[in-house]
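Beneath this line is the structure, given in structure tokens, with notes to follow.
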Amino acid sequence: MGRIDIENLAARIEGPVLLPGQKGFDEDRTGFNLAVRHRPEVIVGAVRTEDVAAAVAFAAAHDLPVAVQNTGHGFSVAAEGGLLVTTGRMTAVRVDPQTHSAYVAAGARFEQVIAEAARHGLAPLNGSAPHVGVVSYTLGGGLALLGRSHGWAADRVLAMDVVTADGRLRHVTPDSEPELYWALLGGRDNFGIVTGMEFGLVPVARLYGGGLFFDAEQTPGILEAYGRWTATVPDEMNSSVALIPFPDDPQVPEPMRGRHVWQVRIAFTGFSEDGERLVEPLRQVGPRLLENLRDMPYEQSADIHDDPPVPMPWAADNAFLADLDGDTVRTILEHIGSGTALPAVVELRHLGGALARRPAHPNAVGQRDARFMMAVLIALTGESTGGAHAFLGRMFKDLEPWTTGRFLNFMGHGDTADQERTHTAYTADDHKRLTALKAEYDPRNVFRHNYNIPPRTTR
Ligand SMILES: Cc1cc2nc3c(=O)[nH]c(=O)nc-3n(C[C@H](O)[C@H](O)[C@H](O)COP(=O)(O)OP(=O)(O)OC[C@H]3O[C@@H](n4cnc5c(N)ncnc54)[C@H](O)[C@@H]3O)c2cc1C
């Protein structure tokens, strides 16, 4: 790829075309997870669908692999060489109150959709952090705050505009291209770059939500109690529990400072009085350091998890769990808490309800029978940097008797993101079908800097 080639590419692209060392190159390749950075030969900072199509066609003609990045929250494999398309400049969001649906361009974030939808008493099926990109979150399944009440975000997708590996722009609906529709929702950028997405919204304007915070040492039984409690609640009760090692830092509020804290997060879509009654058994488990449950407009729902919006380096992994019985809890607790030197945040999300139902239009999002999804995130600072991946490996190995596979959206990067582990995000049949479709839509594996599904040559 020479200077003339790059000039030809730049002539067809409205956004910036950036080479290593040029102003803006580092900003574009850097994402939210500072532990990893793409090192492409060239970046196309797309501002419109045509830019994405021209970039992929250029890459195909020059035999370059293509990676795509929006916010960088979901890094998997760092691109070494090739072409990186960044979509953060494509931020259009439109909400249609008549059809209860939204259209977003590739770079939109949930905070935009939440604000726009709330004007009409509607909400998207966003996750815990509003600064996450809508498109990739949804292509990975989209485990929403309201998942038990309303299902996977992917199940609400009505249409996608996608540029496939041949540089062609396709409008994909469940009727127009059912196979590609099925594969994209679960298979993500293995099948192309989605430049726009249309999806259904839910009529939710408020909820009863917030958290109950317990000192992990004072209330050791919280995880087991939480597991038992989840078996008693209705589908309107969405919840998770997380162990958070709060640093001994003056900026951390006093009751949490320097402690390991279990936080039970609640997002209940029914009446507040019913929510109050339903959480009462959790209060009986032990004294709370803090509690901030309240009736809230959906727009404030990011307060429930209060995920930090500041980029940082981290390693992560996850597994779906068939259950949360005494043995599972004991195995989890053997690895975490004040006994470990690593600042591991461990989160268990309660599944079931609408997450267990089959969608009207099938997709490749798996694990609908699992009861919990457990994710572990370790901030990579100082001593934790070396041991984090080994720690994650040991912990999930010990949990294998209870795990049923992995969730694409929390799979982490590097060691946890290879083809073999990616396989575990799908059922064996779905993975086989995905590899066959990959051979059809991307036979040269142009899109390989990702949780990769390799093309299969025979069906
Ligand atoms: C703080 C935090 C909270 C989170 N909460 C939740 C949650 O509650 N539920 C949940 O399900 N997930 C959650 N996630 C995971 C998140 O959904 C994924 O990491 C998602 O991939 C992030 O998308 P992004 O565009 O922001 O990130 P990016 O890193 O920009 O994208 C991730 C990957 O998606 C692919 N991709 C990006 N854009 C496109 C495109 N236009 N077309 C095709 N493929 C594309 C690429 O492979 C890219 O590497 C959370 C992550 C973080 C860091």
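Anything in segment 287-335 that is among the small types (Gly, Ala, Ser) and under 20 Å from the mean Cα position of the chain (by Cα)? List them, or say none.
If the condition is that a residue be among the small types (Gly, Ala, Ser) and under 20 Å from the mean Cα position of the chain (by Cα), then SER301, ALA302, ALA315, ALA316, ALA319 are the ones that fit.
Any idea which of ARG394, ARG357 is within 14 Å of GLY147 (Cα to Cα) and surrounded by fewer than 17 Cβ atoms within 10 Å (Cβ to Cβ)?
ARG357
What about LEU348, is it within 16 Å of the chain's Cα centre (by Cα) and not hydroxyl-bearing (Ser, Thr, Tyr)?
yes
Within segment 402-412, is there a residue that is more than 30 Å from ALA60 (Cβ to Cβ) and either among the small types (Gly, Ala, Ser) or loosely packed, with under 15 Cβ neighbours inside 10 Å (or both)?
yes
Before we move on, is TYR137 within 14 Å of the ligand (Cβ to nearest atom), surrounded by fewer than 24 Cβ atoms within 10 Å (Cβ to Cβ), in contact (Cβ under 8 Å) with a residue 40 or more places away in the chain and among the aromatic types (Phe, Trp, Tyr)?
So TYR137 fails the test.
Considering every residue within segment 270-281, establish whether at least one is under 21 Å from ARG349 (Cβ atoms) and either within 16 Å of the ligand (Cβ to nearest atom) or hydroxyl-bearing (Ser, Thr, Tyr) (or both).
No - not one qualifying residue is present in segment 270-281.
Looking at segment 413-428, is at least one residue assigned to a helix (DSSP H, G or I), within 16 Å of the ligand (Cβ to nearest atom), of a type in the set (Lys, Arg) and within 22 Å of the chain's Cα centre (by Cα)?
yes
Please find, among VAL285, VAL310, VAL329, VAL345, the residue that is closer than 21 Å to PHE214 by Cβ, of a type in the set (Val, Ile, Thr) and within 16 Å of the ligand (Cβ to nearest atom).
VAL345
Out of segment 297-328, which residues are assigned to a helix (DSSP H, G or I), in contact with a helix residue (DSSP H, G or I) (Cβ under 8 Å, 6 or more places away or on another chain) and more than 29 Å from GLY414 (Cβ to Cβ)?
If the condition is that a residue be assigned to a helix (DSSP H, G or I), in contact with a helix residue (DSSP H, G or I) (Cβ under 8 Å, 6 or more places away or on another chain) and more than 29 Å from GLY414 (Cβ to Cβ), then TYR298, GLU299, GLY326, ASP327 are the ones that fit.
Determine if segment 69-85 includes at least one residue that is surrounded by 24 or more Cβ atoms within 10 Å (Cβ to Cβ) and more than 13 Å from the ligand (Cβ to nearest atom).
Yes, because at least one residue in segment 69-85 is surrounded by 24 or more Cβ atoms within 10 Å (Cβ to Cβ) and more than 13 Å from the ligand (Cβ to nearest atom).
Which ranges mark the strands (runs of 3 or more DSSP E) fully within segment 167-270 that have 1 or more residues being within 30 Å of HIS335 (Cβ to Cβ) and at pLDDT 95 or above?
Answer list for segment 167-270: 206-215, 237-245, 260-268.
Going by the conditions given, is GLY186 in contact (Cβ under 8 Å) with a residue 24 or more places away in the chain, assigned by TED's automatic domain parsing to the domain that holds PHE372 and surrounded by 23 or more Cβ atoms within 10 Å (Cβ to Cβ)?
For GLY186, the condition - in contact (Cβ under 8 Å) with a residue 24 or more places away in the chain, assigned by TED's automatic domain parsing to the domain that holds PHE372 and surrounded by 23 or more Cβ atoms within 10 Å (Cβ to Cβ) - is not met.
Quick test of your reading of the structure: ILE378 fulfils all but one of (1) at pLDDT 95 or above; (2) within 16 Å of the ligand (Cβ to nearest atom). Name the failing condition by number.
It is condition (1) that ILE378 fails.
Only one residue in THR331, THR381, THR404 is part of a strand (DSSP E or B), polar (S, T, N, Q), assigned by TED's automatic domain parsing to the domain that holds ALA267 and in contact (Cβ under 8 Å) with a residue 60 or more places away in the chain. Which one?
THR404
The values are calculated or read from the model by the stated rules, or taken from the named source; none is laboratory data. Keep in mind that this is a model prediction, so the values were computed, not measured. Glycine also receives a Cβ, built like all others from the backbone with ideal geometry; neighbour counts cover every protein chain displayed.
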